[in-house]
Amino acid sequence: MRDTAPLPTTAVTTLAGVEISYVDTGGEGQALLLINGSGGNLQMLAPLIDRLSASRRVLAFDQPGMGGSPAVYPTLGVPAVSELCRALLDRRGVQAADVIGYSFGGAVAQQLALTRPRRVRNLVLVASVVGLGGLPTDPLTAAAVALHQIPSPTPRITRAIARHGYGGSVRRDTVALKRLERAWFTAPADPISFFGQAVAVASWSSLPWLWALQAPTLVITGDDDSVVPMLNAFTLALWIPRARLAVVRGGGHLLPIDQPEDLARLVENFLDR
């Protein structure tokens with residue numbers, strides 16, 4: 001994972017009464033909306049934003065309770081976060097964007113593509129969930145991810161647990177894991193908001209309406225992802241019309257974070273097809 005990319009200057013706006021920290025960076029090309037995963041912050045996505053913004057305009061934001069966005073109680077469900085995405089596009093004057101949804105953000109991206117189809121030109125789902133009815137995270141991995149959200153007095157133990165949970169580069173490389181932690185703990189997630197995201201996706205499902213999605217779709221998964229098992233990607237690719245599937249060999253759950261170059265290449269090849 002690269003950690004040399006500086007985070008573009010963030011701004012703050014209020015959307016439907018919710019204060020959001022966001023970035024709007026890059027050239028004058030087609031706009032791309034990047035929706036982060038559970039517990040994630042903009043700093044973690046800085047290398048990917050840096051890579052993608054070289055050829056297109058990139059918008060990304062911290063969800064409530066993450067990074068620079070204050071928490072909102074009660075926490076927001078998937079439909080409400082998708083409406084924040086719509087409101088951010090409105091605020092920034094973007095009529096239609098390519099949309100990348102990562103992990104929990106993949107659920108939000110699917111919801112946006114369903115309810116606001118004219119706003120989504122192309123859809124990219126990375127390590128994305130389908131919600132209720134999909135193959136869930138195994139209990140050990142779920143515990144590993146939850147424990148790693150909290151700074152620990154025994155980092156060796158929590159790092160060993162995290163390697164099992166995330167897979168990919170952090171399973172193989174301690175340096176990559178330490179880089180992730182530096183980005184993560186720059187702006188730790190609000191614990192209640194993090195738990196709220198888990199509840200939100202567990203009480204939501206895209207399975208009944210995947211067939212109705214209209215945007216050309218690329219589904220990307222790593223074959224070493226224990227957080228969101230690959231069966232979920234196969235389900236998405238099977239039921240979304242015209243969807244393509246890309247499997248990253250050796251890729252874990254943190255593809256946007258520890259393999260930004262590889263992920264950006266897949267995304268750009270798809271969007272520029």
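Please work out the FRET efficiency for the pair Arg116 and Ser203, using the Cβ-Cβ distance as r and a Förster radius of 22 Å; give the result to the nearest 0.05.
Plugging the Cβ-Cβ distance into 1/(1 + (r/R0)^6) gives 0.55.
For a paramagnetic label modelled at 7 Å from the Cα of Asp223 toward its Cβ, which residues of the range 231-273 fall within the zone defined by backbone nitrogen distances under 14 Å?
Residues 231, 246-252 fall inside that zone.
Would you work out the charge dipole size for the range 115-273 about its Cα centre, treating the Cβ of every Lys and Arg as +1 and the Cβ of every Asp and Glu as -1, and quote it to the nearest 20 debye?
Magnitude of the dipole: close to 280 debye.
Could you look at the chain and say what percent of its accessible area is carbon and sulfur, using a 1.4 Å probe and all protein chains?
Exposed carbon and sulfur together represent 58 percent of the surface.
Suppose R0 equals 25 Å. What FRET efficiency, 1/(1 + (r/R0)^6) with r the Cβ-Cβ distance, do Glu261 and Ala142 give to the nearest 0.05?
Efficiency at R0 = 25 Å is approximately 0.30.
Normalised by the residues of the range 182-273, what does the relative contact order come to in percent, with Cα pairs under 8 Å and at least six apart?
Dividing the mean separation by the residue count of the range 182-273 yields 26 percent.
Which one, Ile257, Ser203, Leu177, is farthest towards the positive end of the dipole of the range 157-273 when Lys and Arg carry +1 and Asp and Glu -1 on their Cβ?
Of the options given, the answer is Leu177.
Choose one answer from Gly106, Gly37, Gly27: the residue with the largest mean-square fluctuation in a GNM of the chain with alpha-carbon springs under 10 Å.
Residue with maximal mean-square fluctuation among Gly106, Gly37, Gly27: Gly27.
Want the number for Thr174 to Val247: 0.36 nm per residue separation, take away the alpha-carbon distance, what's left?
Length difference between fully extended and current span is 23.9 nm.
Can you tell which of Val145, Val227, Val170 shows the greatest fluctuation in a Gaussian network model of the chain with Cα springs below 10 Å?
Val145
Between the range 228-262 and the range 1-78, what's the alpha-carbon centroid distance in Å?
Result: 21 Å between the Cα centres.
Can you list the residues, at least 5 places off or on another chain, whose amide H is less than 5 Å from the amide H of Asn122, using H built in the peptide plane?
Asp98, Val99
With a 1.4 Å probe and every protein chain left in place, work out the accessible area per residue of the chain in Å², rounded to a whole number.
41
Residue-wise, which Karplus ³J(HN,Hα) couplings in Hz belong to the range 56-67, taking 6.51 cos²θ - 1.76 cosθ + 1.60, θ = phi - 60°, and x for glycine or proline?
Whole-Hz 3J(HN,Hα) from phi for the range 56-67: 7, 7, 10, 10, 8, 8, 7, 5, x, x, 10, x.
Using 0.36 nm per residue of separation minus the Cα-Cα distance, give me the extension gain between Val12 and His164 in nm, one decimal.
Contour length minus the Cα-Cα distance gives 51.1 nm.
Under the Karplus relation 6.51 cos²θ - 1.76 cosθ + 1.60, θ = phi - 60°, what is the ordered set of whole-Hz ³J(HN,Hα) values for the range 239-246, x standing for Gly and Pro?
Each residue of the range 239-246 in turn: 9, 7, x, 6, 6, 10, 10, 10 Hz.
Name the long-range amide H neighbours of Gly222: under 5 Å, sequence gap of 5 or more, or other chain; modelled H, no Pro or chain starts.
When sequence neighbours closer than 5 places are left aside, the close amide H contacts are Ala127, Val248.
Could you give the distance between the Cα centres of the range 85-130 and the range 158-203, to the whole Å?
A separation of 23 Å, based on Cα centres.
Between Met230 and Arg91, what length in nm is gained on full extension when 0.36 nm per residue of separation is reduced by their alpha carbon distance?
46.5 nm
Got a sec? Charge dipole of the range 1-146, +1 on Cβ for Lys and Arg, -1 for Asp and Glu; which of Ala143, Ser21, Val124 is way out at the positive end?
Selected residue: Val124.
Compare Val18, Val228, Val81 in a GNM of the chain, Cα atoms joined below 10 Å, and give the one with the largest fluctuation.
The residue with the greatest mean-square fluctuation here is Val18.
Using a simple charge model, +1 on the beta-carbon of Lys and Arg, -1 on the beta-carbon of Asp and Glu, nothing else, what dipole does the chain show about its Cα centre, in debye to the nearest 20?
300
Using θ = phi - 60° and the Karplus curve 6.51 cos²θ - 1.76 cosθ + 1.60, what whole-Hz ³J(HN,Hα) does each residue of the range 201-206 get, with Gly and Pro shown as x?
The phi angles translate into 6, 6, 9, 10, 8, 9 Hz.
The values are calculated or read from the model by the stated rules, or taken from the named source; none is laboratory data. Keep in mind that this is a model prediction, so the values were computed, not measured. When we count neighbours, we look across all protein chains shown, and the Cβ atoms used for this are built from the backbone with ideal geometry, even at glycine. SASA here: full protein model, heavy atoms, side chains in, ligands and nucleic acids out. Shrake-Rupley method; radii C 1.70, N 1.55, O 1.52, S 1.80 Å.
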